[in-house]
Amino acid sequence: MPISITYFVHGTTTDNEKGVSSGWAESELSEMGRTQSEMLKYEVSAKKFDAVFSSDLKRAVDAAKLTFGDQAQILPDKRLRECNYGKFNAQLSSIVEPMQEKCITEPFPEGESYEDVKKRIADFLEFLKKNYDGKKIAIVAHKAPQLALDVLLKNKTWEQAFAEDWRKTKAWKPGWEYQLP
């Protein structure tokens, strides 16, 4: 049976507010990010999930706890991490973001490529197929895993996924829906 996935991005971080792309560096939710995560709880209160997964990075775990903590156990998973920007973790977004679309197959120096992220997410999806058949899953994570889901489950190219990314179009939603056949 298909698995229903609802994907949520963590709230605004202190790095976001400073124009920094965290990557694998730890960053705290800002006051705004905490409020966003708490408000999301009310926007999705009618939805029930069989499991709630998050990236193991603190900003995603904290956001997941604020949104779903009284509804479900949060299951952190390293495969749901943001792209590892290597030498560019915790560097200015004005430097990192233009590099992202150039690092689809070539990794960031001392980091990983978006294809590497796709492999991690594909492995996570196989795990879901084996253990959560027919279930409703919530994921709280980052930009790169969400784009990888667009590539893997919506048959987009990386170029399409980047071009149509809600961050560029300013089309945030309280969760994006995916079906895992």
- Note on the structure: Scanning region 69-89 residue by residue, the ones that are in contact with a helix residue (DSSP H, G or I) (Cβ under 7 Å, 6 or more places away or on another chain) and under 30 Å from residue 137 (Cα atoms) total 8
- Query: Residues of region 49-58 being among the aromatic types (Phe, Trp, Tyr) and in a loop (DSSP other than H, G, I, E, B), which ones?
  - Reply: 49
- Take the residues of region 128-178 that are among the aliphatic types (A, V, I, L, M) and touching a Ser or Thr at 6+ places or on another chain (Cβ under 8 Å): which is farthest from residue 13 (Cα to Cα)? 151
- Query: Being of a type in the set (Val, Ile, Thr), under 30 Å from residue 134 (Cβ atoms) and modelled with pLDDT of 95 or more, is that true of even one residue in region 55-69?
  - Reply: yes
- Query: Somewhere in region 137-146, is a residue over 24 Å from residue 40 (Cβ atoms) and either within 14 Å of the chain's Cα centre (by Cα) or part of a loop (DSSP other than H, G, I, E, B) (or both)?
  - Reply: no
- Only one of 151, 140 is farther than 23 Å from residue 98 by Cβ and among the β-branched types (Val, Ile, Thr), namely 140
- Note on the structure: The condition from (1) of a type outside the set (A, V, I, L, M, F, W, C); (2) free of Cβ contacts under 8 Å to residues at least 12 places away in the same chain; (3) not in a helix (DSSP H, G or I) that residue 119 misses is numbered (3)
- Message: Take residue 112 and tell me if it is touching a residue at least 40 places away in the same chain (Cβ under 8 Å), crowded, with 18+ Cβ neighbours inside 10 Å and either part of a loop (DSSP other than H, G, I, E, B) or touching a Pro at 6+ places or on another chain (Cβ under 8 Å) (or both).
- Response: no
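Yes/no matrix, rows are residues, columns are (1) among the hydrophobic types (A, V, I, L, M, F, W, C); (2) crowded, with 16+ Cβ neighbours inside 10 Å; (3) part of a helix (DSSP H, G or I); (4) at pLDDT 95 or above:
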position	(1), (2), (3), (4)
124	yes, yes, yes, yes
129	no, no, yes, yes
134	no, no, no, yes
167	no, no, yes, no
174	no, no, no, no
- Query: Is it true that residue 37 is outside any loop (DSSP other than H, G, I, E, B), without any contact (Cβ under 8 Å) to a residue 60 or more places away in the chain, crowded, with 16+ Cβ neighbours inside 10 Å and touching a strand residue (DSSP E or B) at 6+ places or on another chain (Cβ under 8 Å)?
  - Reply: yes
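Matching residues to (1) free of Cβ contacts under 8 Å to residues at least 24 places away in the same chain; (2) not in a loop (DSSP other than H, G, I, E, B):
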site	(1), (2)
60	no, yes
63	no, yes
72	no, no
84	no, no
87	no, yes
94	no, yes
105	yes, no
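The values are calculated or read from the model by the stated rules, or taken from the named source; none is laboratory data. Everything numeric in this text was worked out from a predicted model, so none of it was measured. Glycine also receives a Cβ, built like all others from the backbone with ideal geometry; neighbour counts cover every protein chain displayed.
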